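The values are calculated or read from the model by the stated rules, or taken from the named source; none is laboratory data. Small disclaimer: the values here were computed from a predicted structure and weren't measured. Backbone-built Cβ (ideal geometry, glycine too); neighbour counts: all protein chains shown.
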Number of protein chains: 2
Amino acid sequence: MTSRAIRLRSRPVGLPTDDDWELTEDEVGEPGEGEVLVEVQHVSLDPAMRGWISAAASYRRPVEIGAVMDAIAVGRVAASGDGRYAEGDHVMGLLGVQEYAMVPGDGLQQIDPELAPLPKWLGVLGMPGLTAYFGLLDIGRPEPGQTVVVSGAAGAVGSLVGQIAKLQGARAVGIAGGPEKCRYITEELGFDAAIDYKNQDVPAALREACPDKIDVYFDNVGGQILDAALAQLAFGARVVICGAISQYNETGGMRGPANYMSLLVNHASMTGFLVFHYASRYAEGARQMGEWLAAGKLKSREDVEHGIERFPEVFLKLFEGTNDGKLVLAVRD
Amino acid sequence: MTSRAIRLRSRPVGLPTDDDWELTEDEVGEPGEGEVLVEVQHVSLDPAMRGWISAAASYRRPVEIGAVMDAIAVGRVAASGDGRYAEGDHVMGLLGVQEYAMVPGDGLQQIDPELAPLPKWLGVLGMPGLTAYFGLLDIGRPEPGQTVVVSGAAGAVGSLVGQIAKLQGARAVGIAGGPEKCRYITEELGFDAAIDYKNQDVPAALREACPDKIDVYFDNVGGQILDAALAQLAFGARVVICGAISQYNETGGMRGPANYMSLLVNHASMTGFLVFHYASRYAEGARQMGEWLAAGKLKSREDVEHGIERFPEVFLKLFEGTNDGKLVLAVRD
């Protein structure tokens, strides 16, 4: 039996190109003691993965040249050398962009495809859901009546941040690219207002949408939008730094938020986090997100593309902003 | 009787020049009901005053063209229409850069020149002292054994931040300009280490001086030094934004901290404040600073220049970094 995989051929400069990737095919062996062979079904594509292939120091070791591209994914156990997993079980873990993953059982988490379709385990019930949950509630701490602004608002994390803000009794204002995404977050997800950064003047639109200024700004994008939000902070505001997708492919270096002195004037804070920092509280977050989802209080949309060989082009949708909800790659065509 | 005053003639572009100021002389009247006439003795010169003369929106209304330059100062009551103050009393308040100030009694605070010489009331016992106290203890919150780094470390605020950090059992590392300032903060103030940003590579020196990384970074300067500190944060670090003196005279706009994603990797926060945000707790801060000073636990140095007419040149010492401790202008020659 063989397994196709997407491997990193070279470190991208700016946006990754087709030439930075390689599709390979290798023999698949039998799992040893403690190992599990997983047939990978759905792969999560996330903005943070751009950082994983940079040489720059970060929170994890970069994917090595020639190695299978890392990715969180869900799949079905094909063979198991770990007593906790049996053939046919569904699991989630850092399985990589490949058809079959041989991984230690320790890194896997059992999931129940009856509770929700597999792609949702990579979104609302997975890392993006936990990211929204902990980032907003532990760092942003919105109070009823306060104004929460989130960028990347139609994305996997942002769409949940706005909905959780509403569940806390806060106002939710989303910044997204294009009229369809803005319609989606207001009409389908219940955001109070949307700002189309591709067609509106963001500073002016923020002033209009946030007459009482911004109490919580949850940032997924960085760059000019972060600066626009900083300029409109309320006294005591909390800025949550979750990502900076506008900067990940910049070849001239990161752009820092020039308006950071607004923190001083407004006694405001800017705090960053990675979802992994909350590992000891995952169970709490997953339980709450599951309850809200089951009760119909959270909506989510997954953009499922097909075919492992299409990884290089599909990955770019994140940076073009053309994905429609949580971007997932189904390994089989 | 007449009073000479320094008035703002034009809004400076970049560093203020002589032409941006005007020395005028006006008649002094008698205080009306509730007013106090103060003979201004010592004027505080602070980096934040550069912001007060910019047109840009800030936390206060800019000094108007033609108006007396605002400044916190200490002086002696010359005549009083407010029963709480008698001739001969010493007071502190927003008196401006002038020989005589006619002000409402409500804005004044009585001070005791027996407790400490007048210039110290503008430093360790005044706003700089309270700034160091609340910024470090309320926002930085250093724990025993943690590493506190402060920029502008030989300045009015920075020199106190390092000493208060030591009083909390933390390690204090100061960044200052030139060997004499570095000697002063280590040998006389008891900092554990000093980094001379004019003669050392700050990132390398920070790595060496902070083997366990930086738990609290108290920033007075912004720019490259802020970026260097961000790159060395410990997990859970607190960055205190107190000022950005390197940026106040920039004509090309503020430079934001490009390394702000270090907040994300390290679950760190960056929080700004103005000392005025702690007005309700001034008494607590002043009492503690007074106790420490009286017990010989805090040292401070004042750089007293003389002559109101020298204000334009003396003010620039702050931005050249040539002041030797808290910069104070004695109004009389």
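Select from segment A:238-274 the residues that are more than 8 Å from chain B (Cβ to nearest Cβ) and at pLDDT 95 or above and write down the one among them that is surrounded by the most Cβ atoms within 10 Å (Cβ to Cβ). It comes out as A:VAL239. Every test in (1) within 14 Å of chain A (Cβ to nearest Cβ); (2) in a loop (DSSP other than H, G, I, E, B) is passed by B:GLY296 save one, and that test is (1). B:LEU316 fulfils the conditions (1) crowded, with 19+ Cβ neighbours inside 10 Å; (2) among the hydrophobic types (A, V, I, L, M, F, W, C); (3) assigned to a helix (DSSP H, G or I); (4) touching a residue at least 40 places away in the same chain (Cβ under 8 Å) except for a single criterion, (1). If you go through segment A:299-313 and keep only what is free of Cβ contacts under 8 Å to residues at least 40 places away in the same chain and part of a loop (DSSP other than H, G, I, E, B), you end up with just A:GLY307.
Within segment A:211-237, being of a type in the set (A, V, I, L, M), surrounded by fewer than 21 Cβ atoms within 10 Å (Cβ to Cβ) and not in a strand (DSSP E or B) holds for one residue alone: A:ALA231.
Let's see how each residue does on (1) assigned by TED's automatic domain parsing to the domain that holds A:TYR184; (2) in contact with a Gly (Cβ under 7 Å, 6 or more places away or on another chain); (3) over 21 Å from B:TYR260 (Cα atoms):
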position	(1), (2), (3)
A:LEU233	yes, no, no
A:VAL240	yes, yes, no
A:ALA244	yes, yes, no
A:ASN249	yes, yes, no
A:MET254	yes, no, no
A:THR271	yes, no, no
A:LEU293	no, no, yes
A:ILE308	no, no, yes
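Annotation: of all residues in segment A:1-11 being in contact (Cβ under 8 Å) with a residue 60 or more places away in the chain and out of contact with any strand residue (DSSP E or B) (no Cβ under 6 Å at 6 or more places or on another chain), the one that is surrounded by the fewest Cβ atoms within 10 Å (Cβ to Cβ) is A:MET1.
Being assigned to a helix (DSSP H, G or I) and under 19 Å from A:ALA156 (Cα atoms) is the filter here, so list the residues in segment A:260-276 that pass it. Listed by number, the residues that qualify are A:VAL275, A:PHE276. How about segment A:286-309: which of its residues are out of contact with any strand residue (DSSP E or B) (no Cβ under 6 Å at 6 or more places or on another chain) and surrounded by 15 or more Cβ atoms within 10 Å (Cβ to Cβ)? Those that are out of contact with any strand residue (DSSP E or B) (no Cβ under 6 Å at 6 or more places or on another chain) and surrounded by 15 or more Cβ atoms within 10 Å (Cβ to Cβ): A:ALA286, A:GLN288, A:MET289, A:GLY290, A:TRP292, A:LEU293, A:LEU298, A:LYS299, A:SER300, A:ARG301.
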